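Heads up: the structure comes next, in structure tokens.
The values are calculated or read from the model by the stated rules, or taken from the named source; none is laboratory data. Quick caveat, the model's predicted, so the values are computed rather than measured. We place every Cβ from the backbone using ideal geometry, glycine too, and count neighbours over all the protein chains shown. Calculation scope for accessible area: heavy atoms of the full protein, side chains included, ligands and nucleic acids excluded. Shrake-Rupley method; radii C 1.70, N 1.55, O 1.52, S 1.80 Å.
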Amino acid sequence: MAAGEYTSVASQREFALAQVDVERAEILSNARAEEAELAAMFVEKGVGEDTAREMSREIHLDPEQAVKVHAREEFGVDTDDLASPTLAAASSFVSFGLGALVPLLSYLVGIESAWPAIALSLVGLFACGAVVTRVTARTWWFGGLRQLVLGGAAAGLTYLVGEAVGASLG
Ligand SMILES: [Zn+2]
């Protein structure tokens, strides 16, 4: 499960959201300086000083609007494009759980060898990692591979610990 959480924490979108949060805190606590900062950015783009100050003042009338504009101007983040981190974490959590259930399928249909279960769970991990990329900023194959590697490593570790504990008990 830690591997599944890692997947969501490492997503670029959450990093962007953290940046946006910092910007929001600055705008709420230091509105004057942020307004001046935005006006200066407009001036740099060729807008006349008075117009720039007026634009910035109007944008800052709505703090959420100000956050959006600062995020776009300062680090190129479009806040309307960002998925909620809760959604990303939740889908990561659910997909990891589903991935863990997949290997049970081969037992349910009566196959007793471990290999089909292992193959199935690797496919399941990849598929779930790929699905999670719908709410994170990665390509599907990257998400799939990462989930495959992290989930596979976590499962392998669980297996080895189980073996070691079993051996010491036996
Ligand atoms: Zn700013």
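What the table below lists for this structure:
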item: Condition check for G76: at pLDDT 80 or above and open to solvent by less than 70 Å² (accessible area, probe 1.4 Å); result: yes
item: Pairs where the first residue, in segment 35-49, is assigned by TED's automatic domain parsing to the domain that holds V67 and the second is within 15 Å of the ligand (Cβ to nearest atom) and hydroxyl-bearing (S, T, Y), C-beta under 7 Å, 6+ apart; result: E35/S56; L38/S56; A39/S56; F42/S56
item: Top-ranked residue in segment 27-61 [being within 15 Å of the ligand (Cβ to nearest atom) and of a type in the set (D, E); ranked as surrounded by the most Cβ atoms within 10 Å (Cβ to Cβ)]; result: E34
item: Among the candidates G124, G129, residue that is at pLDDT 70 or above, in contact with a Lys or Arg (Cβ under 9 Å, 6 or more places away or on another chain) and assigned to a helix (DSSP H, G or I); result: G129
